[in-house]
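See below for the structure under consideration.
Laboratory data are not the source of any read-out in this text; all were calculated from the coordinates shown. Just so it is clear, the structure is predicted and the values come from calculations on it, not from any experiment. No Cβ is skipped: glycine too gets one built from the backbone with ideal geometry, and neighbour counts run over all protein chains shown.
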Amino acid sequence: MGLVLFYILGGITIVAALGVVTTRNIVYGALFLLVSLMGVAGLFVVLFAEFLALVQLLIYGGAIIIVILFALMLTRETDFSIATEHRRWPVAAVVSLALFGLLASSAINDSSLYNSDRRSGIGIEELGTGLFENWAVPFEIASIVLLVALIGAIVIGRSGDEEDGGQA
Amino acid sequence: MSLELVDFQILAAALFCLGLYGVLARRSAVMVLMAVELMLNAVNINLIAFSAFRPVSSMITGQVIVIFVITVAAAEVGLALAVIMRLYRRRGTVNVDEIDLMKG
C-alpha cells in the first residue's frame with residue numbers, strides 16, 4: 001500500500017517538477033509547481049508527517065503559489081514565451097545529471113547502513129512539545145526573521161517614486 | 001518488497017537535480033525562484049524521511065527543522081518577489097542575463 005502510494009505520488013512530483021523546469025509557458029510553470037508541491041505533501045503523509053503535510057498544503061498551496069502567480073501577472077513577460085532557456089542549457093543538464101548520479105549512487109551504497117522498512121510517525125503533541133521546549137529559541141528567531149522579511153518586502157516593494165523617477 | 005529509506009533519498013535527489021537544472025538553465029528570475037522552491041522541497045523530503053526511518057521514536061529534530069525550512073522559504077519568496085518587482089519597474093525585464101550591473 002505504502003509502496004503503491006509512494007510510486008504514484010513520487011511520479012506526480014517528478015513529472016510536475018520536470019514540467020516546471022521545461023515548460024515554455026511561465027504560468028503553466030507555476031501551476032506545475034503547485035502540483036509538484038502537493039505531491040510532496042502526499043509524500044509527507046506516506047512518511048507519517050501529517051502536520052507537515054498540512055503545513056505544506058497551507059503555506060505552499062495557499063500562500064507561495066498565489067504570491068508567485070501575482071508576481072507573474074504584474075511582471076508580464078512576452079519574450080519569455082519563446083526563449084525560456086539559456087544557450088548553455090546542455091551544460092546545466094549535464095551538471096544536474098552528474099549530481100544526480102553521484103547522490104543516487106552514494107545513497108544506494110550506504111543503504112545498508114540506514115535502511116529498515118520500519119517507519120514510525122510523530123504525534124502532533126510530541127512535535128509541539130519539542131518545538132516549544134527544545135527549539136524555543138530558534139522558534140523565536142524564526143519569528144524575527146519573518147517580521148524582518150515582512151518589513152523588508154514592504155520597503156523594497158513599495159512604489160518609491162522619488163528614487164526611480166529621477167533615473168528612469 | 002517494502003518502502004525503504006533509499007527510495008526517498010533517490011526521489012529527493014531527482015527533485016533536487018531538477019531544481020538545480022532549473023536554476024542554471026532558466027532565464028526568468030521568477031522561474032529561477034520556482035526552481036529554488038523545488039530544491040528546498042527535496043531537502044524537506046530527505047529530512048522527514050530520515051526522521052521517519054530513525055530507530056529511536058523520540059527524535060523530532062527532522063520535522064522541526066522542516067518547519068524552520070518552510071518558514072525561511074516563505075520569507076525568502078516574499079523578499080525575492082519584492083526584489084523582482086522592483087527590478088521589473090526599474091529595468092523593464094526580469095531576465096537574469098540582462099541584470100549585469102555589477103559585471104566587471
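Values for this structure:
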{"read-out": "Residue satisfying condition, being surrounded by fewer than 22 Cβ atoms within 10 Å (Cβ to Cβ) and more than 7 Å from every other protein chain (Cβ to nearest Cβ), within set B:Val83, B:Val43, B:Val72", "value": "B:Val43"}
{"read-out": "Selection count where residues are surrounded by 12 or more Cβ atoms within 10 Å (Cβ to Cβ), among the hydrophobic types (A, V, I, L, M, F, W, C) and either within 22 Å of the chain's Cα centre (by Cα) or farther than 14 Å from B:Phe8 by Cβ (or both), scope segment A:108-123", "value": "1"}
{"read-out": "Subset of segment A:1-60 (residues that are part of a helix (DSSP H, G or I), more than 14 Å from the chain's Cα centre (by Cα), under 26 Å from A:Glu125 (Cβ atoms) and within 7 Å of chain B (Cβ to nearest Cβ))", "value": "A:Gly2"}
{"read-out": "Condition check for A:Val67: free of Cβ contacts under 8 Å to residues at least 12 places away in the same chain, closer than 21 Å to B:Ala80 by Cα and in contact with a Lys or Arg (Cβ under 8 Å, 6 or more places away or on another chain)", "value": "no"}
